[in-house]
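Notes follow the structure.
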Amino acid sequence: MFQNRHNLSERQVEILVGNLLRYGVLFSSALVLLGGVLYLIYHGKETPNYQIFRGEPPAFRSPEGVATSALSGRRRGIIQLGLLLLIATPVARVAFSLLAFMRQRDITYIILTLIVLTGLIISFIAG
């Protein structure tokens, strides 16, 4: 009938991680949708020219550039920021889980989570 403090904190961590994923995906999806609707309002009737390849503009090659573009109201910047947040959501989940495992002093899961987080960070830096 009584739960010890350790089980209660594990349940709280599960709820927080679930909410982090849920709201992260909802918020980033809403941003992508908003940016997409705004983009279509202004550019929906344009005919794309597929014969000329245009690479990604310099503003979208860094998270700072994406944030600056989105905050200045550029529609593609809003879409890119939503996608960046969508990618960051599971990474934030891993980082949050690491903090929870550190709080619980669970060495096995701390090591495993550090390995996963290191792999994610390396893939972002190398990619």
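Coordinate-derived values only; no laboratory data. Not measured: the values here are computed from a predicted model. A quick note on method: Cβ atoms are made from the backbone with ideal geometry, for glycine too, and the neighbour counts reach across all protein chains shown.
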Open item on the list: Using only Cα atoms and rounding to the nearest 10 degrees, what angle (0 to 90) does helix 107-126 make with the longest principal axis of the chain?
Closed with: 10 degrees
- [ ] Report the chymotrypsin sites (Phe, Trp or Tyr not before Pro) located in the stretch 24-56 that are in a DSSP loop and have at most 11 other Cβ atoms inside 10 Å of their Cβ, or state none.
- [x] Tyr50, Phe53
- [ ] Kindly express, to the nearest 10 degrees and within the range 0 to 90, the angle between helix 75-104's C-alpha long axis and the longest C-alpha principal axis of the chain.
- [x] 10 degrees
Task: Rule-of-thumb Rg ratio for the stretch 57-106 [Cα; 2.2 N^0.38 Å; N residues] - done: 1.54
- [ ] Compute the longest continuous run of the chain that contains no exposed trypsin sites (Lys or Arg not before Pro); treat a site as exposed when its DSSP state is not H, G, I, E or B and it has at most 11 other Cβ atoms within 10 Å.
- [x] 1-44
Task: Computed [θ] at 222 nm, helices only, for the chain once each DSSP H run of length n ≥ 4 contributes -39500 (n - 2.57) - done: -27500 deg cm²/dmol
